[in-house]
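> The following block contains the structure, expressed as structure tokens.
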Amino acid sequence: MSKMKMILAAATLAVSVGAADAATYTFVGSWDVYNDLAPVWTSAPPDGPLAYTAQEAAAFLFGGAASDYVISTVSDLVADIDFMAWYDVIGYGEAMFAQDYNNKYLGQFYGPTSGYGNDSNGAASAFIRDNLFAGGRINYAFSVAPNPAVVPLPAAGILLVGALGGLGMVARRRKPV
């Protein structure tokens with residue numbers, strides 16, 4: 001492998017390692033799926049109230065957009081984030097799915113409020129007053145913030161590779177024949 005290829009490989013590795021840790025998480029709060037602030041499952045018949053993914057519920061409760069949050073079912077510690085959430089499934093009860101799980105009746109509702117099936121394929125919401133689970137099912141929300149210390153700067157990386165390439169070409173031209 002030529003020196004230039006080794007330099008390029010090292011620069012590529014440094015950029016990809018920095019990108020892996022490109023976000024930091026901060027605990028902002030938690031909620032029980034069955035919450036006094038949540039809509040009642042029988043409201044707004046026949047379609048039911050709005051259903052929420054866990055990230056949408058976090059945005060509703062703590063502000064911002066759904067993409068501003070990651071969710072955990074374990075604890076309020078960053079090291080425990082599992083990107084999962086507790087949901088209530090109409091006609092079924094509690095279930096754990098991915099933080100962005102989206103199964104809504106007609107694309108937006110926790111319903112229908114009559115004639116629902118008794119299986120895990122019903123509409124799901126991470127913020128609804130339906131089944132009161134023994135011990136509660138708590139979702140922990142963490143805000144996502146880019147970490148400027150490790151986010152690679154694409155323009156600087158291109159300039160670095162270009163400069164190293166230019167130095168390699170200059171060194172190659174100066175070799176005695």
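The values are calculated or read from the model by the stated rules, or taken from the named source; none is laboratory data. Treat the numbers as computed from the prediction; the structure is a model and nothing was measured. Virtual Cβ from ideal backbone geometry, glycine too; neighbours counted across all protein chains shown.
> Out of all the residues in the range 104-126, is one or more surrounded by 20 or more Cβ atoms within 10 Å (Cβ to Cβ), closer than 23 Å to PRO146 by Cα and at pLDDT 90 or above?
For the range 104-126, residues surrounded by 20 or more Cβ atoms within 10 Å (Cβ to Cβ), closer than 23 Å to PRO146 by Cα and at pLDDT 90 or above: absent.
> Quick check on this structure: which one of TYR52, TYR25 is modelled with pLDDT of 90 or more and part of a loop (DSSP other than H, G, I, E, B)?
Details: TYR25 fails: part of a loop (DSSP other than H, G, I, E, B).
That would be TYR52, the only listed residue that is modelled with pLDDT of 90 or more and part of a loop (DSSP other than H, G, I, E, B).
> Which of the residues that make up the range 28-49 are within 26 Å of the chain's Cα centre (by Cα) and in a strand (DSSP E or B)?
Hits for the range 28-49 are VAL28, GLY29, SER30, TRP31, ASP32.
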